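Written below as structure tokens is the structure these notes are about.
The values are calculated or read from the model by the stated rules, or taken from the named source; none is laboratory data. Just so it is clear, the model here is predicted, and its values are computed rather than measured. Here the Cβ positions follow ideal geometry from the backbone for every residue, glycine too, while neighbour counts run over all protein chains shown. Just the protein is used for accessible areas: all its heavy atoms, side chains included, with ligands, DNA and RNA removed. Shrake-Rupley method; radii C 1.70, N 1.55, O 1.52, S 1.80 Å.
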Amino acid sequence: MLRRVMGRLRITDDIVRYLSTFQRLGETVEVELPGELLPVGARTVFRAVRTRAAAQLGVDWVWPYWLDRQLDPRSPAFVPRGHLPVLTNLTNRNWTMVGNVGSRREAIVDPRGLVTPWYDGWSLDWWVGADDRWHLPSQESGVRQRLLGNAPVVETVVRVPGGEVAQRVYAVTAVPGGGGDGAAAGGGSQAELVVVELENRSPVPVVVALAVRPYNPEGLAVVERVGLHHRTVTVDGRPALLLPRPPARIAASTFHAGDSVNVVTAGRAGAEFPEGLRCEVGLAQAAFLYPLPHTATIRAAMPLSPERRTRRRGLARRRVERMPELPALLPSSEAVVRSWAAHGRRGMQLSLPPGRLADAVEANRRYLLLFHDGDEVTPGAFTYHRFWFRDAAYMLAALGRYGFHAEVSEVLRSYPRRQRLDGFFFSQRQEWDANGAALWALAEHWRLTGDQELVGELAPAVSRGVRWIERKRHARRRRDPAVAGLMPASISAEHLGPFDFYYWDDFWSLRGLKDGAALLRVAGRPEAAAKAEEWAAGLEADVRRSLALVAERQGSPAIPAGPGRHFDPGAIGSLVACSPLGLLGADDPAIAATAEAIRQRFVVERAFFQGISHTGLGTYLTLQLAEVEMRAGDRRAMERLGWLLEAATPTFTWPEAIHPQLGGGCMGDGHHGWAAAEFLSFVRNLVVREEGEDLVLFGMLPDAWVGQAVEAHDAPTHHGDLSVALRWHGERPALLWELRPRVPGARVRLRAPGLDPGWSSLDVRGEVLLGPHPAGAAAAPPVESPG
């Protein structure tokens with residue numbers, strides 16, 4: 001039937017063969033493909049088709065920063081379209097989220113201050129009319145961006161004659177009719193707003209325009225109607241922008257009538273908003289102009305939670321009437337920064353030498369709280385704003401290592417609800433690593449906190465979860481001994497490749513069985529624990545047999561992505577057996593060979609290049625290689641960390657992958673939660689990490705830390721909370737520590753191989769002056785004796 005339909009469309013068999021041979025690149029699909037990805041894929045493709053069509057016709061439009069660069073033939077980011085019918089952001093997928101703690105809603109800010117408050121929706125741009133001309137940030141070269149106080153308060157500055165104009169974006173919660181409370185609370189019944197604050201820092205008055213634009217950092221959005229009701233702007237019948245006062249001038253237009261920016265820059269903006277503005281193309285836009293005297297500041301706000309679209313004018317008016325008035329609601333950016341400082345005092349306190357690394361850590365601690373959305377944690381504020389067990393495992397581990405245990409337990413308590421009756425922890429079909437990731441996340445929380453109450457509460461889900469792993473790996477008989485007893489073929493993590501058998505799934509499942517057994521023993525279920533241990537031993541034997549067969553076939557112990565794969569970039573996933581899962585040591589021949597092969601074949605300068613799916617320099621993937629190197633004592637790990645810091649945006653965010661030539665984001669969410677979590681865990685592990693039954697203090701010392709004081713207080717570890725300080729006496733490091741063991745009387749060995757490879761101690765508290773550090777010649781002057 002399909003062939004007959006294609007024949008009528010003149011799609012011949014030789015064309016169909018492209019599809020039929022494509023699906024044979026990997027293993028045969030055993031079950032249905034993930035239907036959850038179809039809406040995402042359809043949205044991406046349809047949006048990209050529409051973006052290409054409109055962009056090539058709207059030559060006089062002001063487009064977002066990324067699109068302006070990709071359309072400009074003089075820009076290094078220019079992307080030819082050729083016969084491709086799509087146009088999407090491939091060169092500057094960089095943005096910064098702002099939001100409220102515990103809320104499910106975040107807005108994003110692009111590198112030029114374009115603010116997108118709703119997912120895949122319209123954006124608010126800002127233009128500045130100065131004495132010389134109109135300054136459009138998306139097209140200006142002299143634009144700077146930074147965070148205020150390392151908080152999610154984004155300041156973007158554009159130069160004008162004699163000075164500059166600053167835009168600050170942040171989120172607040174506010175009770176309708178009451179006062180604002182900054183970022184201290186989540187959503188609930190309170191109104192959540194993203195605030196845009198504009199300040200004139202030039203010596204002369206300027207005019208600023210708040211521009212409603214039908215696009216965002218992913219592509220064009222659909223905006224059919226824009227309306228103005230006194231001081232509230234509606235977009236498709238939804239309150240979208242709360243203005244501080246009626247605007248002095250207004251410009252509004254449709255796609256066929258031209259961009260409203262042309263009316264503004266020509267000085268033809270009027271005093272009245274056009275009645276019933278509607279654009280059939282879905283590219284309606286408007287600009288609202290305000291004079292801004294020297295040193296003056298104005299604020300506008302946007303609701304973070306959109307209503308449903310409506311064409312009913314009466315409903316739109318009622319929605320506007322329910323919106324709060326602005327003046328009494330909006331705290332200043334300084335007040336919000338102070339509110340975030342209070343959140344920064346929670347959890348582990350890490351004091352690092354001043355500089356970019358310390359600022360990045362503080363900023364990402366706060367971002368991590370924004371990625372936590374109540375009973376779930378999401379790896380992105382925009383493109384990836386949904387839950388996956390895989391990403392959650394890394395992000396919950398980072399939250400726990402920095403002491404945010406309440407947030408972790410809130411998410412973990414939702415896991416039984418996400419589990420199917422057969423025991424599968426479901427976030428997406430075909431994710432055979434999900435059960436292992438869920439069980440490891442719970443076990444890691446227990447190891448860091450000793451929270452036996454939560455373990456007992458989730459014990460039934462744990463029991464079902466380990467049983468599902470055992471059943472799943474034996475679901476089908478396989479003739480190839482290299483895949484016998486392994487988890488079925490899947491798409492697993494998208495950066496591993498097409499549908500196939502992946503060791504990534506096996507390593508996570510093995511760790512899940514081992515951790516599940518430990519959790520069941522804690523919960524007082526010894527029989528179930530013994531069964532899980534038996535299953536773990538069986539899977540481990542099957543994995544080791546497969547690895548031996550593959551090593552013999554390829555003549556190397558290096559672990560490919562899967563038993564049937566050559567050594568390609570997907571092998572980066574095999575390093576998970578070392579870190580974070582601890583199934584194989586960094587000195588294991590297979591891990592050492594895998595890391596070396598990756599360095600030789602897939603590292604571009606200092607970063608890992610993922611040629612599968614991401615086709616860019618991997619952010620969290622580079623740190624996964626660095627983590628193995630750090631545990632092996634290989635200082636190339638510090639080169640990876642240095643690259644990551646250089647690749648960060650001025651607001652200390654990372655996309656999923658980075659363009660190797662341009663340095664902008666080329667894949668995934670432009671503010672990636674997994675990357676933030678991997679970074680925070682890596683820095684924590686530099687200060688303290690678990691290795692077997694030992695605690696390793698300062699296992700590797702960045703050059704910038706030599707001679708500088710470093711402290712960590714109340715750092716959660718598997719053995720209890722630790723406080724540790726590094727001081728210097730000339731070239732000799734002094735170490736002070738205090739461990740509060742979770743088990744009274746427990747003896748834990750402490751080592752500090754990055755300071756003195758021969759030193760160790762079993763004391764729970766103490767101080768010691770170690771021998772001269774090899775790099776300590778330029779150390780700080782002597783300090784007072786330890787203590």
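Of note:
- Evaluated with a Cβ-only charge set (Lys, Arg +1; Asp, Glu -1), the range 264-328 carries a dipole of roughly 400 debye about its Cα centre, given to the nearest 20.
- Distance distribution note for the range 425-548: the fraction of Cα pairs above 21 angstrom is 36%.
- The H on the amide N of Glu218, modeled in the peptide plane, is under 5 Å from the matching H of no residue at least 5 residues off or on a different chain.
- Under the span-like rule (Cα at least 24 Å along the axis, Kyte-Doolittle mean at least -0.5), DSSP H helices of the chain: 37-57, 503-522, 526-554
- Entry comment: accessible area of the chain is 39 Å² per residue, from protein heavy atoms only and a probe of 1.4 Å.
- Long-range Cα-Cα pairs in the range 94-139 (distance over 12 Å), rounded percent: 66
- When the range 393-458 is described by a simple charge dipole with +1 on each Lys and Arg Cβ and -1 on each Asp and Glu Cβ, the residue from Ala434, Ser414, Met395 located farthest towards its positive end is Ala434.
- Charge tally in the Cβ shell below 9 Å around Pro244, where Lys, Arg are +1 and Asp, Glu are -1, Pro244 excluded: +3
- When the alpha carbon gyration tensor of the range 686-747 is reduced to an equivalent ellipsoid, its three semi-axes come out at 23, 12, 9 angstrom, largest first.
- In percent, rounded to a whole number, the relative contact order of the chain is 11, using alpha-carbon pairs under 8 Å and six or more apart.
- Loop-resident trypsin sites (Lys or Arg not before Pro) (DSSP state other than H, G, I, E or B) in the range 255-358 with no more than 11 further Cβ atoms inside 10 Å of their Cβ: Arg268, Arg308, Arg311, Arg312, Arg345.
- Near Gly355, once Lys and Arg are set to +1 and Asp and Glu to -1 for all other residues with Cβ below 13 Å from its Cβ, the sum equals -3.
- Projection of the Cα convex hull of the range 628-759, averaged over all directions and equal to a quarter of that hull's surface, yields 9.6 nm².
- Cut-off 14 Å between beta-carbons: net charge of the residues surrounding Leu57, Lys and Arg +1, Asp and Glu -1: +1
- Share antiparallel - DSSP beta bridges, the chain, percent rounded to 5: 95
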